Structures are given as C-alpha cells and as structure tokens.
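Visitor: Below is one structure. I have some questions about it.
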Amino acid sequence: MYVAVKGGEAAISAAHDLLARDRRGDTSVAELSVAQIREQLKLAVDRVMTEGSLYDRDLAALAIKQARGDLIEAIFLVRAYRTTLPRFGPSLPVDTGQIQPDRRISAIFKDIPGGQLLGPTFDYTHRLIDFTLAAESEDQEETVLADSPDAPAAEDPPPHILGILSGEGLVEKSEVPAKGDTMEAAPDLTRDPLNFPANRPLRLQNLARGDEGFLLAMGYSTQRGYGRNHPFAGEIRLGKVAVSFVPEELGFPVEIGEVEVTECDMVNQFKGSATQPPQFTRGYGLTFGHCERKAMSMALVDRALRAETYGEASDAPAQDEEFVLSHSDNVQATGFVEHLKLPHYVDFQSELEMVRRMRLKAQENTAEAAE
Amino acid sequence: MTMAASQETLVDEGYNFAYLDEQTKRMIRRALLKAIAIPGYQVPFASREMPMPYGWGTGGVQVTAAILSPDDRLKVIDQGSDDTTNAVSIRKFFQKTADVATTERTEDATIIQTRHRIPETPLSEDQILVYQVPIPEPLRFLEPRETETRQMHAMSDYGVMHVKLYEDIARHGRIVTSYDYPVLVNGRYVTAPSPTPKFDNPKMDSCPALQLFGAGREKRIYAIPPHTTVKSLDFEDHPFEVQRWDQACALCGAEHAFLDEVLVNDQGERMFVCSDSDFCAQRRAAQNGDTSELEARDDR
Amino acid sequence: MNGTGGIVRAFDDPVVDGTLAFRGLMQAQANPGRIVTLSRPPGGIGGLCPAAFAVLLTLCDSGTPLYLEPSLTSDGAADHLRFHAGCPLTEDPSKGHFVVLNAETGLAILARVTRGTADYPDRGATAILQVPAMSPQGPLTLTGPGIETSRRLGLGIDAQATAALLEILGENHALFPMGFDLFLACGRDIAALPRTTKVELN
C-alpha cells in the first residue's frame, strides 16, 4: 500500500550535513582561510562585492568560501545579508577624478597626460598554464614580490580624458553630479520597485548590480550589429577613491574610508540630429574593485540604452530597457530558473488530465471519420 | 548540527520578529491595504532580498512576515501538502524567526501560506490565505512588456486574453489552460490565481477568507477581499469547467478532491491520492473511528 | 527633539502592538464598515484619537507625506508625528499620501485628496476621518467586496454632513479603480470605507 512521503525535515537536515562535508572536501588538505580567498582570489571577491552591492572584502571572501566558489550563490549570500543592515544615508558622490590610478589606459590617444599605466592586467599575458604556480613554493613568491615594480610616485591625480575633450564640446558633458551635490534624489533599486520607463541613474544602478556574463553578452551583441554604437575605450581606470558622508548631526562631510573602483568611459560616435550638432557621446561603467570586463560591458549597454535619447532606432535587444533591466539580475534569474526543481506535480497533473482528455477526443474524432 | 544551532538563535542575533525590519513591514503593509482596496490589481512593492531564492516563495514569505502576529497559528503547504520540502523549509523559517505556533490542520490555522493549491476544507472568515506567486501578470505570456500590460489593465483592455482563449477553442475545441487559469476579480481586473489547478478556481469566488498574493521577484502584491466575486474567464458556449477524475482517492475515498497521480512501480502502475495531505489524513482518521468529524466534513 | 521627555506614548511594544494594530486595520479594510476595536492602541495626541494615531504609527514613515487638518496640528501633534513616525508633513492635502480630517470640518478637504492614476490607482491617498461616533445600526447601507450581503453603519454626524460625505464617496466610488480609501476613526475604534464600497442612505 502506498504511503505518502514524510520526513521532509529529516531529508533537508541530512542534505545540509552533506553540503557542509562536501564543502570541506578532503580533510587531509588544509582548509582555505577567508584571508587566503580575500588576498589570492581578488577578482572573485571584487565581482561578489560589485554584484552584491556591498563593499566588504572579508564578507565577500567568506561568502565565496561558504558558497564553495559559486559566485552567484556568494552574491546571493551577500545581498541577503546587506538587506538586514541599517542605512545611515547616501554618501556624497565619489570623485573618480581624484583617483591615483593603479591602472589607467586610454585607447583613443597614443599618449595621455599622466601617461598610460598598465597596472595588474592579464592583457598581454600569454595564456599558457603556468605550472610553476602548482609548486606552491614560498621562495618563488618572495621572488615575485622582490621583482614587483615600485608604486608610481605620488603626483597630482591624472585628469579624465573625456573631461579634456568635453571642454571642446566634442564629447557630451558628463551627467555626473557636480562636486558637493548631495544624492538625495538618487533612486534606490533595493528600496523601491523598478518601474518603467527608468531614468539613467536607475539604469546604471541596475547595470552595476547586473550579472557580468549577461552584460558581457549584451555589450558584445551591440558590437556585432544589434544596436551598434561605434564604441572606443576612452578611458579605463582602476584605483582607490575616498568616500565621504555628511552626518546629520555634524552637517559637514566626513571621509569614512576608501573604496577601490574600476571606471570605464566609453566614447561613441554620434552623427548628430536636426537639433544637435555631431559630437561624441558616452557610455559609463563603474564597479567595485577590479572588474574591468564588467565595467566595459556596462558602459556599452549604458550607451545602447540611451538610443532613444539620441533619436536613434532602438530595436536591438541591448537597447530595450525593459528587456535588459528585467533580466540583468543573476540572483533573480537563478532563483526563478532553479525553482523549476521545486515540486510542480499538481500543475503537471492538471496538464496530464487535460492532454489525456484531448487525446481521447482526437481518437474519437478519428474513429468517427473512419466510419 | 551546526546549521540548526546557528539558525535557532536568529532572533538573538538581532533579527527582528518575523525577520523583516519594521520599515519594510510598513511598506508591505501599505501595499497590502491598497491591494485589498483595489481587488485583483497588482500593487508594486519594494520586495526585499530574502534569505531564500527568488522563485521559492519570497513574495509569500514577505506577506506572511508582514502580517504575522505572535497570536497566529501558521500552516504552510506546497502542492497541497504540509510535508513537501519547501513547505517544511518555510514553516521552519517562521518557527525560527517568529517562534510562531504551526499546525497542519486547515481549520486550526489563522494564516495559511500556500504554493499551487487551495485547501479542500472550506476556509472561514477568520482565516487568511497567502499565495506564493511566480508570475503575477496574467497577460505576461501574451504581452511580455510591463509598460503594455499596465496600460491594458488601466483601460480594461483584455482583448488579447479573449482572443487567446477563443483561439484555444477554435484549435482544440476547449480552453487549454489547466492551471493559473485567469479570473476576473470584482468584475474589473483580470488576475492570475497563481499556478493553482483550475480545479481550485471556484473556491476563490466569494470566499469568506481574505486572499493575499505575494510575488517577490516580480515585486507585486495583490489581494481578493472576502465575499468578492471571482469569475473564471470563459464563453457562454464554452463554460468554464474543472478537472475531474474517473476514480476516487485510493487512501480516503474522496470523490471531489484534487488527486495526485502516483507511479507505484517500474511497470508504470499508478494510483490516485488526495493532493491535500491534511484533508486526506483527517478523512482517514475519521474512517478509523472518529465519525463525528467525517459527518461534519460531508456537510459541505 | 531632545529625547522623549515631551513626547507622548506611542505603542508600548512597537513590534507587537504595531502588528496587532495593522491586523485590525487589515481586518477593517477587508470587511468594509465592520467596526474593529484596536486591542493595544497608543494614547491619543492633541486632537488625534488613539485609532487615528495608530493608523499613522502603523503605516507612515519618511516616504509618506502626511496632511493634517489645521485644527489637528495644535498641541504639538505635528512634532509628535515627526518624532514617532518620521513622516514629512505637507500643507497641501492633494500631496498627502495620508490625510487626517475631522468629519465636522474636513469634508471639503476630503474632496481634494489624490485619487491616483488609471495605471497606478494604488497611488490614491489614504484618508482618515475622525467621527464623533460609530455604530453598526446607522443610516448608511454598505455593499461591495468584503461584504457578504450588506452592512449598516452610523457615524454620529448630522444629516447635512452625511449628505456631503455621501456625495464625495459616491463620486469616489464611481472613479474606480482610481480613488482614495477612507478609514473612520473614533476612540479606539476603526472602520474602513475603501473605494470599492458603495455607500447609500437607507
């Protein structure tokens, strides 16, 4: 005799035990420390901070450890934690022009004021597996450190390349708020539902939290002709920037710390219209930490989403605000895709019952036709 | 077990009663009151990121968390059953974060959170049914754009839905929607009942209990007040009808309950049993002695 | 505001009392015209009765501008509300997400509160009308969602005020799905007349 399945609770608890055991792996291998993840898997930590919308290296590293290296799961952990944190208010806009860059390149000029600075990049590495890394030799690490170049001498922070061009009116002015502007009016996607049409600050916020892979594909599609916008990498910079906050009781700004960011200014051709003379337009990307691929993709998609502003045709997927913004969030996407794992047998039963009846009817009809 | 131990102290660790902070509850409560005032209309709300995945009941959980009081008795079902894994998990969540009393008996619950079913036992005025909703927009699969569907609702322009249903009939001789079957609430808004089988649609009509719907990922809340007309969309010559089975429940003999088909062996042999586990269990208990309960149930 | 020295009592237990008050409001909203006595309301402040104050404490915060009828802003009620609920006060009734009025003096203002838009009818205001009395055997007959057949209600206001109220509510009901939603408050009692409710004189 059939007995309904019971014991869901015991099964869940056993699954949690197995998960913990699997996460640890072979116990004869030393356990990863959070500090090791933080220091040696920096790009993973940076991605989790960016898409988790929370700048906390240790927490991101811990989330990566708990998530067994599944970055979307780690982002989810960080997001769920972030929701419970108290809010003190918006910071002042950061001034990325004050960044003393660790990396800064421009593809639109051979040389630029302040110089091209490669910094820590994979760009010119030959992608050959480096088997010496498998040796885990401490001697070698010391060699690497000894050979590292010194940090560049402190100078005045280099100017934004696009700032120089916009002086000539060749590039549209930045919509970034001027120094001293408060961000009272900045929308907050995590506190208000997303309604359409969205404005650019809301779009940028959505893209900053958006999935790197999704934005990469969307940005790529614009380069292949689905909403082409002729991009040039005007400037990419990586470095630390000070964050300031005005506590209500003090009434003046206080520097509360530094965050590392990657910023991408994309320059895009614009032919001009009946009302506007030709000039270059921009797409903007900003991430926590070092997320260059994400910052560039974000800038491409930001520009694509501004098609309507420039009276351009907007029929490509990357130009479709509702499509892009509704599907960019990997925590939402993964939840809904993976929820198909939950039991759906009641719905399936409903479909079974209907398909059976329809087949029966079809058979009757065939039989009648044959007579 | 470390995981259970760490979760049991959730409230001690500084989380608020029922997990959500008070400001979030206020925001959800405002949305709920507007939803009740505009039956079937989807109120946007600032859905929070919950410690469980989107698509797994975050909307229902937020609604329940915003209304739950220490005096409540909570029942959680998924597919009609109290012991499916996600129902167990959500029930546990509220035990840990709100220390709330729980029950499996439909008639003892003050709040019932559900995914995909409405209990067979008729609900009363003192009860609240909270639905977990994946896609709150009944027009979404006909028109993917929110900007468009919002206008359709504003103008009561439900032509696309009628065309869809009509095409079903033209092509298949019937309306081929068997769950999440669209309803018209209070004669005004076309509304998604959530993926409940259409078998359950008639229970929504003039239901004495308050029905609340939460869609977390899609950030919408909607409601059907008690005693409100809920009509399943149909045509005069093709009236709405519910599923029926040729057999009764193999366990309790119920003839007018939604039945799950269960494969019992590798030969594909199957049997049909009630999807509502509490309803079935109570009927069997009554058959084994306590007949007063059985009679009470047969009154309906 | 320096501490709570001059501040009146809000909810004793903001979490539990706030939840119970909300359940009272939800019960009222889901069953229009049913008089619900709030179990653990706050005290009244100034001209605000406990039930009206409870609505504001339960639902208002920094995102919900509040309009108070001028006669209600005395006795520092505005300061109390800013302190307890943190809600900004507006002097324009059409800008209030929440609007508190007295039945004797505020009906003209009630006609001016925002009704939302056809695509966002939820943006219609929530008005709280303080009435001198509430009884389940009054001259008003209510029908609509949340009411099985019909429900009676009396508000202790004179025939002229009743007629004025009925005119505003009739116009509001006809706008559905746009419209405002009304809470009636008297002492610890609350009742709701959401926009779906049809209100008629016997």
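Visitor: Would you confirm whether or not the range A:249-259 contains a residue that is at pLDDT 95 or above and within 19 Å of the chain's Cα centre (by Cα)?
Guide: Checked the range A:249-259: at least one residue is at pLDDT 95 or above and within 19 Å of the chain's Cα centre (by Cα).
Visitor: Let me ask something else. Would you call A:Ile75 within 14 Å of chain B (Cβ to nearest Cβ), in contact (Cβ under 8 Å) with a residue 60 or more places away in the chain and among the aliphatic types (A, V, I, L, M)? Let's see the steps before the verdict.
Guide: Values: within 14 Å of chain B (Cβ to nearest Cβ): yes; in contact (Cβ under 8 Å) with a residue 60 or more places away in the chain: yes; among the aliphatic types (A, V, I, L, M): yes.
In short, yes.
Visitor: Could I ask something else about it? Of all residues in the range B:124-158, count the ones that are among the polar types (S, T, N, Q), more than 14 Å from chain C (Cβ to nearest Cβ) and part of a loop (DSSP other than H, G, I, E, B). Steps first, answer last, please.
Guide: The first filter runs over the range B:124-158 and keeps only residues among the polar types (S, T, N, Q), leaving B:124, B:127, B:132, B:147, B:149, B:151, B:156.
Filter again for more than 14 Å from chain C (Cβ to nearest Cβ), leaving B:132.
Those left that are additionally part of a loop (DSSP other than H, G, I, E, B): none.
Residues in the range B:124-158 being among the polar types (S, T, N, Q), more than 14 Å from chain C (Cβ to nearest Cβ) and part of a loop (DSSP other than H, G, I, E, B): 0 in total.
Visitor: Another question about this same structure. Can you tell me which residue within the range B:20-60, out of those that are more than 7 Å from chain A (Cβ to nearest Cβ) and of a type in the set (Lys, Arg), is farthest from the chain's Cα centre (by Cα)?
Guide: Restricting to residues being more than 7 Å from chain A (Cβ to nearest Cβ) and of a type in the set (Lys, Arg), the top hit is B:Arg26.
Visitor: Could you check how many residues of the range C:82-104 are buried (at least 18 other Cβ atoms within 10 Å of the Cβ), part of a loop (DSSP other than H, G, I, E, B) and without any contact (Cβ under 8 Å) to a residue 40 or more places away in the chain?
Guide: 3
Visitor: Turning to a different aspect of this structure: In this structure, does B:Thr85 turn out to be of a type in the set (S, T, N, Q), more than 22 Å from B:Tyr181 (Cβ to Cβ), open to solvent by less than 20 Å² (accessible area, probe 1.4 Å) and within 14 Å of chain A (Cβ to nearest Cβ)? Walk me through how you get there before you give the answer.
Guide: On the way: of a type in the set (S, T, N, Q): yes; more than 22 Å from B:Tyr181 (Cβ to Cβ): yes; open to solvent by less than 20 Å² (accessible area, probe 1.4 Å): no; within 14 Å of chain A (Cβ to nearest Cβ): yes.
So B:Thr85 fails the test.
Visitor: Between a first residue in the range A:288-305 that is under 15 Å from A:Asn330 (Cβ atoms) and a second residue that is open to solvent by 20 Å² or more (accessible area, probe 1.4 Å) and basic (Lys, Arg), which pairs have beta carbons less than 8 Å apart while being 6 or more apart in sequence or on different chains?
Guide: A:Cys291/A:Arg47; A:Lys294/A:Arg47
Visitor: Would you mind telling me which numbered condition in (1) more than 29 Å from A:Gly89 (Cα to Cα); (2) in a helix (DSSP H, G or I); (3) within 14 Å of chain B (Cβ to nearest Cβ) C:Ile109 fails?
Guide: (3)
Visitor: Any residue that is of a type in the set (S, T, N, Q) and modelled with pLDDT under 95 - is there at least one of those in the range A:38-45?
Guide: There is no residue in the range A:38-45 that is of a type in the set (S, T, N, Q) and modelled with pLDDT under 95.
Visitor: Pull up the range B:252-267, narrow it to residues that are of a type outside the set (D, E, K, R) and open to solvent by less than 30 Å² (accessible area, probe 1.4 Å), then point me to the one that is farthest from B:Pro197 (Cα to Cα). Outline the logic, then answer.
Guide: From the range B:252-267, those of a type outside the set (D, E, K, R) are B:252-254, B:256-259, B:262-265, B:267; that's our starting set.
From what is left, the residues that are open to solvent by less than 30 Å² (accessible area, probe 1.4 Å) are B:252, B:254, B:257-259, B:262.
Numbers: B:Cys252: 21, B:Ala254: 18, B:Ala257: 12, B:Phe258: 9, B:Leu259: 11, B:Val262: 17 Å.
Residue satisfying both the conditions and the ranking: B:Cys252.
Visitor: Restricted to the range A:190-209, and to residues that are more than 14 Å from every other protein chain (Cβ to nearest Cβ) and over 18 Å from A:Gln319 (Cβ atoms), which residue is nearest to the chain's Cα centre (by Cα)?
Guide: Within the range A:190-209, the match that is nearest to the chain's Cα centre (by Cα) is A:Ala208.
Visitor: Can you pull out the helices (runs of 4 or more DSSP H) entirely within the range A:12-89 that have at least 2 residues that are out of contact with any Leu (no Cβ under 8 Å at 6 or more places or on another chain) and open to solvent by 80 Å² or more (accessible area, probe 1.4 Å)?
Guide: On the way: elements: A:34-40, A:42-52, A:57-66, A:71-83.
Here the list reads A:34-40.
Visitor: Restricting to the range C:3-38, name every residue that is at pLDDT 95 or above and touching a Gly at 6+ places or on another chain (Cβ under 6 Å).
Guide: Correct list: C:Ala30, C:Asn31, C:Pro32, C:Val36, C:Leu38.
Visitor: Report, by residue number, each residue of the range C:6-65 that is open to solvent by 10 Å² or more (accessible area, probe 1.4 Å), aliphatic (A, V, I, L, M), in contact with a strand residue (DSSP E or B) (Cβ under 7 Å, 6 or more places away or on another chain) and part of a helix (DSSP H, G or I).
Guide: Passing the criteria: only C:Val15.
Visitor: Another one. (1) more than 9 Å from every other protein chain (Cβ to nearest Cβ); (2) closer than 24 Å to A:Ile72 by Cβ; (3) among the aliphatic types (A, V, I, L, M): which one isn't true of B:Val63, the others all being true?
Guide: (2)
Visitor: Can you name every residue in the range B:45-61 that is under 17 Å from B:Val130 (Cα atoms), in contact with a Phe, Trp or Tyr (Cβ under 8 Å, 6 or more places away or on another chain) and not aliphatic (A, V, I, L, M)?
Guide: Hits for the range B:45-61 are B:Tyr54, B:Gly55, B:Gly59, B:Gly60.
Visitor: Can you tell which of A:Val267, A:Val261 is over 25 Å from A:Leu54 (Cα atoms), in contact with a helix residue (DSSP H, G or I) (Cβ under 8 Å, 6 or more places away or on another chain) and among the aliphatic types (A, V, I, L, M)?
Guide: A:Val267
Visitor: Could you grab me the full set of residues in the range B:48-100 that are under 26 Å from B:Phe279 (Cα atoms), of a type in the set (D, E, K, R) and either touching a Cys at 6+ places or on another chain (Cβ under 7 Å) or not in a loop (DSSP other than H, G, I, E, B) (or both)?
Guide: B:Arg73, B:Lys75, B:Asp78, B:Arg91, B:Lys92
Visitor: How about the range B:159-210: which of its residues are assigned to a strand (DSSP E or B) and touching a His at 6+ places or on another chain (Cβ under 8 Å)?
Guide: Taking the range B:159-210 as the starting set, the residues that turn out to be assigned to a strand (DSSP E or B) are B:179, B:183-185, B:189-191, B:197, B:210.
Those that are assigned to a strand (DSSP E or B) and touching a His at 6+ places or on another chain (Cβ under 8 Å): B:Tyr179, B:Tyr189, B:Val190, B:Pro197.
Visitor: Okay, next question. Examine the range A:210-232 for a residue that is within 14 Å of chain B (Cβ to nearest Cβ), out of contact with any Phe, Trp or Tyr (no Cβ under 9 Å at 6 or more places or on another chain) and crowded, with 19+ Cβ neighbours inside 10 Å, and state whether such a residue exists.
Guide: Yes, that holds for at least one residue.
Visitor: State yes or no: is C:Gly18 on the phi > 0 side of the Ramachandran plot and within 10 Å of chain B (Cβ to nearest Cβ)?
Guide: The answer is no for C:Gly18.
Visitor: Within the bounds of the range B:132-142, is there any residue that is basic (Lys, Arg) and either farther than 28 Å from B:Pro44 by Cα or buried (at least 20 other Cβ atoms within 10 Å of the Cβ) (or both)?
Guide: Looking only at the range B:132-142, we keep the residues that are basic (Lys, Arg), and these are B:140.
After this cut, where a residue has to be either farther than 28 Å from B:Pro44 by Cα or buried (at least 20 other Cβ atoms within 10 Å of the Cβ) (or both) as well, the list is none.
Checked against the condition, which is being basic (Lys, Arg) and either farther than 28 Å from B:Pro44 by Cα or buried (at least 20 other Cβ atoms within 10 Å of the Cβ) (or both), the range B:132-142 yields no hits at all.
Visitor: Moving on. Kindly evaluate A:Ala299 against the criterion of being assigned to a helix (DSSP H, G or I), more than 13 Å from every other protein chain (Cβ to nearest Cβ) and either open to solvent by 60 Å² or more (accessible area, probe 1.4 Å) or on the phi < 0 side of the Ramachandran plot (or both).
Guide: So A:Ala299 passes the test.
Visitor: While we're here: Going by the conditions given, is B:Gln211 farther than 30 Å from A:Leu325 by Cα, touching a residue at least 24 places away in the same chain (Cβ under 8 Å), surrounded by fewer than 23 Cβ atoms within 10 Å (Cβ to Cβ) and not small (Gly, Ala, Ser)? Step through it out loud before you land on a result.
Guide: On the way: farther than 30 Å from A:Leu325 by Cα: yes; touching a residue at least 24 places away in the same chain (Cβ under 8 Å): yes; surrounded by fewer than 23 Cβ atoms within 10 Å (Cβ to Cβ): no; not small (Gly, Ala, Ser): yes.
Against the criterion (farther than 30 Å from A:Leu325 by Cα, touching a residue at least 24 places away in the same chain (Cβ under 8 Å), surrounded by fewer than 23 Cβ atoms within 10 Å (Cβ to Cβ) and not small (Gly, Ala, Ser)), B:Gln211 does not qualify.
Visitor: Would you be able to tell me the number of residues in the range C:158-197 that are open to solvent by 20 Å² or more (accessible area, probe 1.4 Å) and within 12 Å of chain B (Cβ to nearest Cβ)?
Guide: Here the count works out to 4.
Visitor: Tell me yes or no: at least one residue of the range B:216-226 is surrounded by fewer than 20 Cβ atoms within 10 Å (Cβ to Cβ) and not aliphatic (A, V, I, L, M).
Guide: Checking the range B:216-226: not a single residue is surrounded by fewer than 20 Cβ atoms within 10 Å (Cβ to Cβ) and not aliphatic (A, V, I, L, M).
Visitor: Looking only at the range C:136-157, count how many residues are under 16 Å from C:Asn202 (Cβ atoms) and open to solvent by less than 40 Å² (accessible area, probe 1.4 Å).
Guide: Final tally of qualifying residues: 9.
Visitor: Further, regarding this structure: Based on this model, can you work out whether C:Leu129 counts as of a type in the set (A, V, I, L, M, F, W, C), open to solvent by less than 10 Å² (accessible area, probe 1.4 Å), under 25 Å from B:Glu125 (Cα atoms) and in contact (Cβ under 8 Å) with a residue 24 or more places away in the chain?
Guide: no
The values are calculated or read from the model by the stated rules, or taken from the named source; none is laboratory data. Keep in mind that what you see is a predicted model, and the values were worked out from it rather than measured. Virtual Cβ from ideal backbone geometry, glycine too; neighbours counted across all protein chains shown. SASA here: full protein model, heavy atoms, side chains in, ligands and nucleic acids out. Shrake-Rupley method; radii C 1.70, N 1.55, O 1.52, S 1.80 Å.
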